[in-house]
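Enquirer: This structure is in structure tokens; I'll ask about it shortly.
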Amino acid sequence: METEVNKEDPVIDLLRELSALLSEKEEMLLELDVRIEERTDTDDLENEIVDVEEYKGRVITTKSRMIPDNFTLQYSRQRRTSNEWKKVISEVMEFLQKEILSRERTMQLIKSGIQAFWPKQTN
């Protein structure tokens, strides 16, 4: 389709046909997605993900408590100019944005990927 669109004289009928095929495929994929979601129980998986995140938080807290006070005090004493703080804050914000995006992508992959491999069991 892209090749045809980029031609100087694209064949409109061919583009319409390709567009219709693309629409059909999209509808089929949406229908499959709905059927996969109907057959998949994601509650247990989501609960496990929450548990893992809580565990990670506890590990980070525990590790941070193990840092000797003199190191944290020394770090706190470091003086930075306003521009240095702006750079640090900007780097932290960029990191957090990437982290959130990464987690969202992972959740989407897990949601769509797990559902494809573990269909919902019916009793």
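Enquirer: Of everything in region 1-18 that's assigned to a helix (DSSP H, G or I) and surrounded by 11 or more Cβ atoms within 10 Å (Cβ to Cβ), which residue is modelled with the lowest pLDDT?
Expert: Initially, region 1-18 is screened for residues assigned to a helix (DSSP H, G or I), giving 2-6, 12-18.
Remaining after also requiring surrounded by 11 or more Cβ atoms within 10 Å (Cβ to Cβ): 4, 14-15, 17-18.
Working: Glu4: 61, Leu14: 75, Leu15: 74, Glu17: 83, Leu18: 78.
If we take residues in region 1-18 being assigned to a helix (DSSP H, G or I) and surrounded by 11 or more Cβ atoms within 10 Å (Cβ to Cβ), then Glu4 is modelled with the lowest pLDDT.
Enquirer: When you scan region 64-87, do you find a residue that is at pLDDT 80 or above and in a helix (DSSP H, G or I), even just one? Even if it seems obvious, please write down each step before you answer.
Expert: Of region 64-87, the ones at pLDDT 80 or above are 87.
This time we only want the ones that are in a helix (DSSP H, G or I), so: 87.
Yes: region 64-87 contains one or more residues that are at pLDDT 80 or above and in a helix (DSSP H, G or I).
Enquirer: Still on this structure, I have one more. Just one of Ser90, Ser102 is at pLDDT 85 or above and surrounded by 10 or more Cβ atoms within 10 Å (Cβ to Cβ); which is it?
Expert: Values: Ser90 fails: at pLDDT 85 or above.
Checking each option against the conditions leaves just Ser102.
Enquirer: Let me ask another. Sort out which residues of region 27-36 are within 26 Å of Thr3 (Cα to Cα) and more than 22 Å from the chain's Cα centre (by Cα), and write them in order of number.
Expert: Within region 27-36, Glu27, Met28 qualify.
Enquirer: Of the conditions (1) surrounded by fewer than 10 Cβ atoms within 10 Å (Cβ to Cβ); (2) closer than 24 Å to Ser112 by Cα; (3) of a type in the set (S, T, N, Q), Ser23 clears all except one; give me its number.
Expert: (1)
The values are calculated or read from the model by the stated rules, or taken from the named source; none is laboratory data. Remember, predicted model here, so these are calculated numbers, not experimental data. Backbone-built Cβ (ideal geometry, glycine too); neighbour counts: all protein chains shown.
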